[in-house]
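Scroll down for the structure; my scribbles are underneath it.
We did not get these values from a lab; they are worked out from the coordinates using the rules stated. Small disclaimer: the values here were computed from a predicted structure and weren't measured. Here the Cβ positions follow ideal geometry from the backbone for every residue, glycine too, while neighbour counts run over all protein chains shown.
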């Protein structure tokens, strides 16, 4: 769903599930059958790029909001480097920023509505779009790992109401733990006498960190287990003591989106605030200690589910830059003719369009697979994010080149597009980590 609470979070083991030597054969067979059944379900729902009327209506609705509300305000909020609360409130009033809206986008069985919405919003402006969609990463964690009661209680609180808008934050990365999630040092200890979790540590690169009403914090419950000893905890800012905002990050791009450190000093939350429940956590930790397989880390489960959506965000930025450069080239005259009449410019624009469409195909394929339970056997989610991120950086750079000196000036938006695009080579898995994940998936080997 959205980006970005991590500078360079990565999936390090989920592409090739680990199986201990002591795991019973019937468990492995059951897992294989489950994958085959998921593939069969996906095959029953044919992949199609022909959008339905409902999908077109949603796309046009979001595009109007991006064009009429976001774009006129983009430069202002980029310069301010502050959360655009008035725009988030406008999105909430029309139902674009709400749990119901997000649920409707996700409910589409084709899996395409969510990336379509992300692309259109990020076409409008990436910084503002991330302020609107940054809550989604915490929501993805709660929805993917939480109990029914936790989902019902906490997801609505992530958004607040149109009259009192709230945001949420997913806190995973740390000063010394980005791609290497096993290096997370934040700890969670259960105080039996008080019936509370006591959390200590520092989180970095947290989108909405410190200003969110709900923080989802990944912490280590058993360091000896590495990433398998992690769990995610709901930390409500207004109720939990010991949580505070640290240094706000002044960023190269996405400047309308708030990014900050989060400090947890003997922060206490009730036993019920661990996602999935304490009983299930204890069972998972016991399996891990016995050497049996487990689902992997709390961070990775969230990142894996959101990578195609992050790819769609990069696509929106790339498309905005391409369209601006195309219009500029058709109007700008040099040496007595439009600059698009020069092959160098025309061929560059042709390549920009080609790369954007190719990346969109990968994003839509991965989105459909994820929604229909088709396993990412070849790391298709990572493929989509890697390709879209690289395309966004390349296309925005080409757009600046086509505009020449104007492309370097803040008077024109393409320099902002370029600044916003670069992070898509970095967060939710750097380009290097995505290649590692893909290599492991296609080889079946632990490549390091």
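By count of other Cβ within 10 Å, fewest leading, how are 189, 371 ordered?
Values: 189 14, 371 20.
Lowest to highest Cβ neighbour count: 189, 371.
For the chain, compute Rh as the Kirkwood radius over C-alpha pairs and then the Stokes-Einstein diffusion coefficient at 25 °C and 0.890 mPa s; write the answer in µm²/s, rounded to an integer. Don't jump to the answer; show the numbers that get you there.
Working: Rh = 22.4 Å.
Diffusion coefficient, whole number: 109 µm²/s.
Per DSSP H run of n ≥ 4, the term is -39500 (n - 2.57); total these for the chain, divide by its residue number, and report the mean residue ellipticity at 222 nm rounded to 500 deg cm²/dmol. Write out the running numbers ahead of the final one.
Working: 15 runs with 224 residues, N = 448.
Counting only the DSSP helices, I get -16500 deg cm²/dmol.
Starting from the 7 Å offset along Cα-to-Cβ, what nm value, one decimal, do you get for the label separation of residue 377 and residue 239?
4.5 nm
Just to be sure I understand: with springs between alpha-carbon atoms less than 10 Å apart, which residue in 431, 286, 66 has the highest mean-square fluctuation in the Gaussian network model of the chain?
Between 431, 286, 66, it is 286 that shows the largest mean-square fluctuation.
Based on the Cβ-Cβ distance from residue 93 to residue 353, what FRET efficiency comes out when R0 is 51 Å, to the nearest 0.05? Working shown, then result.
Details: r = 35 Å, r/R0 = 0.69.
In this case the efficiency is close to 0.90.
For the chain, what does the relative contact order come out to in percent, with C-alpha contacts under 8 Å and a separation of six or more? Present the calculation step by step, with values, prior to reporting the outcome.
Details: 895 pairs, mean separation 101.5, N = 448.
This gives 23 percent for the chain.
So what's the angle, to the nearest 10 degrees on a 0 to 90 scale, between helix 53-65 and the longest Cα principal axis of the chain?
That helix lies at roughly 70 degrees to the long axis.
Share of antiparallel DSSP beta bridges in the chain, in percent to the nearest 5? Walk me through the numbers on the way to the answer.
Details: 30 of 35 bridges.
Taking every DSSP beta bridge within the chain, about 85 percent pair in antiparallel fashion.
Rounded to the nearest 0.05, what FRET efficiency is calculated for residue 445 and residue 401 with R0 set to 35 Å and r the Cβ-Cβ distance? Display every interim value, and only then the final one.
Numbers: r = 40 Å, r/R0 = 1.15.
According to the calculation, E is roughly 0.30.
Residue 292 versus residue 48, label points 7 Å from Cα toward the beta carbon: distance in nm?
Spacing of the two 7 Å Cα→Cβ label points: 4.4 nm.
Return the single residue from 317, 94, 402 with maximal mean-square fluctuation; model: Gaussian network over the chain, springs between Cα atoms under 10 Å.
94
List the residues of segment 186-222 whose backbone N lies under 11 Å from a point placed 7 Å from the Cα of residue 278 along the Cα-to-Cβ direction.
190-198
Just to confirm the number: angle between the C-alpha axis of helix 278-289 and the first principal axis of the chain, 0 to 90 degrees, nearest 10?
Tilt of helix 278-289: around 80 degrees.
Which distance in nm do the two modelled labels at residue 180 and residue 202 give, with both placed 7 Å along the Cα-to-Cβ direction?
1.7 nm
Pick from 282, 60, 425 the residue whose mean-square fluctuation is largest in a GNM of the chain, springs joining Cα atoms under 10 Å.
Ranking 282, 60, 425 by mean-square fluctuation puts 282 first.
Please give the contour-minus-distance gain from residue 161 to residue 193: 0.36 nm per residue of separation, less the Cα-Cα distance, rounded to one decimal in nm. All intermediate terms of the calculation are to be shown ahead of the outcome.
Working: separation 32, 0.36 × 32 = 11.52 nm, distance 3.62 nm.
Computed gain between residue 161 and residue 193 is 7.9 nm.
Against the longest alpha carbon principal axis of the chain, how many degrees, from 0 to 90 and to the nearest 10, is the axis of helix 113-124 turned?
Once rounded, the angle reads 50 degrees.
Provide the percentage of antiparallel DSSP beta bridges, counting only those with both residues in segment 168-289; round to the nearest 5. Write out the running numbers ahead of the final one.
Values: 27 of 32 bridges.
Antiparallel bridges make up about 85 percent of those DSSP assigns within segment 168-289.
By how many nm would the segment from residue 75 to residue 107 grow when fully extended, if each residue of separation counts as 0.36 nm and the alpha-carbon distance is taken off? Please list the in-between numbers first.
Numbers: separation 32, 0.36 × 32 = 11.52 nm, distance 3.36 nm.
Stretched fully, the residue 75-residue 107 segment lengthens by 8.2 nm.
With a Förster radius of 25 Å, plug the Cβ-Cβ distance of residue 342 and residue 410 into 1/(1 + (r/R0)^6) and report the FRET value to the nearest 0.05. Each step should come with its number before you reach the end.
Details: r = 26 Å, r/R0 = 1.05.
Once rounded, the FRET efficiency stands at 0.40.
Average the reciprocal distances over every distinct pair of alpha-carbons in segment 168-289, invert the result, and give the Kirkwood radius in Å.
Result for segment 168-289 stands at 14.5 Å.
Relative contact order of segment 168-289: what whole-number percent is it, with Cα pairs under 8 angstrom and at least 6 residues apart? Please report the intermediate quantities before stating the final value.
Numbers: 270 pairs, mean separation 34.2, N = 122.
Taking the mean separation of contacting Cα pairs over the length of segment 168-289, I get 28 percent.
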